[in-house]
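The values are calculated or read from the model by the stated rules, or taken from the named source; none is laboratory data. Every value quoted in this text rests on a predicted model; they were computed, and no experiment measured them. Because the Cβ atoms are built from the backbone with ideal geometry, glycine has one as well, and the counts that use them run over all protein chains shown. For the accessible areas, the whole protein counts, side chains as well, though only heavy atoms, and no ligand, DNA or RNA atoms are used. Shrake-Rupley method; radii C 1.70, N 1.55, O 1.52, S 1.80 Å.
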Amino acid sequence: MKAVAPQTGTLIDPFGRAVTYLRVSVTDRCDFRCRYCMDEHVAFLPRRDILSLEEIDRIAGAFIRLGVTKIRLTGGEPLVRRDVMWLIERLGRRVHDGALAELTLTTNGSQLARHAAALAAAGVRRINVSLDTLDAQKFAHITRRGRLRQVLDGIAAAKDAGLHVKINTVALKEFNEDELPGLIAWAHERGFAITLIETMPMGEVGADRADQYLPLSVVRERLEKRWTLDREEFSTGGPSRYWRVAETDGRLGFITPLSAHFCDACNRVRLTATGQLFMCLGQNDKADLRAVLRAGAGDAELEGAIRAAIARKPKGHEFAISRHRIGGKMPRTMNVTGG
Ligand code: SAM
Ligand code: SF4
């Protein structure tokens with residue numbers, strides 16, 4: 001495809017895609033140790049390597065000037081980072097002044113009861129909460145640390161604060177596959193959309209991915225025996241495809257990074273907690289924005305480094321999976337890149 005020249009104020013990649021969505025991992029740390037995400041004895045990064053909240057705010061500001069209109073904070077667990085509300089309030093001002101169309105976060109929900117009202121006041125309108133099971137024992141098993149009650153209370157607090165909640169559920173073979181219809185019904189009864197996610201081959205977590213992998217094509221076939229699923233055209237430019245469940249009148253998404261290609265409409269890049277900008281979740285090329293900042297770069301230089309990175313955004317990712325083999329495996333875990 002022909003290269004497209006950058007326009008002022010917009011980030012256009014070599015394939016003509018406008019980058020308008022930044023995902024930021026504000027920490028690699030987490031109070032859970034989900035089995036598909038992290039090893040039990042994960043070594044977290046030294047604090048000096050992690051961007052300060054002020055550094056994140058500067059980088060986010062540069063992206064906003066370059067046309068980014070949506071920012072998602074993730075991690076690790078974003079709400080365990082000390083003083084993260086300072087950053088959320090700073091970025092929230094950009095929602096209030098109209099520069100950002102959306103400020104959102106992906107959270108495990110453990111700290112939501114404490115923060116829900118402040119998030120809503122800051123300008124957050126919707127959040128994604130990860131929840132793989134409604135069985136307290138299974139929840140403790142899969143998260144290794146989490147308590148289901150705390151997360152359910154957090155979700156209830158978010159709803160009470162007026163936040164739109166979307167549930168994210170990783171579909172795991174022989175773990176929650178029988179429970180998925182129940183989880184979907186539970187979410188829809190409360191007015192929450194729910195998205196099912198296939199496991200992705202991100203880093204070593206001490207488990208065999210092919211054992212956990214449950215193709216969502218199989219899940220959908222099973223759900224279609226129970227319910228009528230109507231395809232919705234709604235899209236966020238990401239790997240989610242959406243259906244409406246006629247019987248529950250709720251939205252159901254499927255994220256299938258391994259079994260379907262979604263790269264053509266990709267509008268996003270990811271900033272890690274250490275300031276590395278990944279132009280594609282499934283590729284290793286990155287730009288070190290922390291080095292640029294810590295070398296004393298001014299705003300113009302920082303914007304130049306971001307433009308140069310976007311000019312290298314690849315066409316697509318290299319994940320591939322079969323029942324017996326997982327190819328295109330990435331050396332980083334999700335908590336480092338930011339899920
Ligand atoms: N701690 C927050 C949470 O759990 O929502 C945010 C970070 S977490 C890395 C973001 C999302 O990535 C979660 O929904 C989690 O279930 C998902 N995730 C983590 N590891 C994954 C993997 N190997 N494959 C697919 N999804 C994964
Ligand atoms: Fe933590 Fe989220 Fe990873 Fe679970 S999926 S260990 S909650 S970062």
Accessible area of the chain belonging to carbon and sulfur atoms, whole % at 1.4 Å probe: 49 percent
Packing-based order for 65-74, 152-161, using average beta carbon neighbours within 10 Å, highest first: 65-74, 152-161
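Using a 10 Å cut-off on Cβ atoms, rank the peptides 10-17, 113-120 from the highest mean neighbour count down. All intermediate terms of the calculation are to be shown ahead of the outcome.
Details: 10-17: 17.5, 113-120: 19.2.
Ranking the peptides 10-17, 113-120 by packing returns 113-120, 10-17.
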Value of [θ]222 nm, deg cm²/dmol, for the chain, DSSP H segments ≥ 4, -39500 (n - 2.57) each, nearest 500: -9000 deg cm²/dmol
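Taking 26 Å as the cut-off for C-alpha to C-alpha distance, list the pairs among K166/K225; K70/K173; K166/K315; K138/K286 that go past it.
Values: K166/K225 24 Å; K70/K173 33 Å; K166/K315 29 Å; K138/K286 37 Å.
Beyond 26 Å: K70/K173; K166/K315; K138/K286.
At 1.4 Å probe size, with every protein chain present, just tell me what the per residue accessible area of the stretch 1-160 comes to in Å². Intermediate results must be reported in sequence, preceding the final value.
Working: 7030 Å² over 160 residues.
Using a 1.4 Å probe on heavy atoms only, each residue of the stretch 1-160 averages 44 Å².
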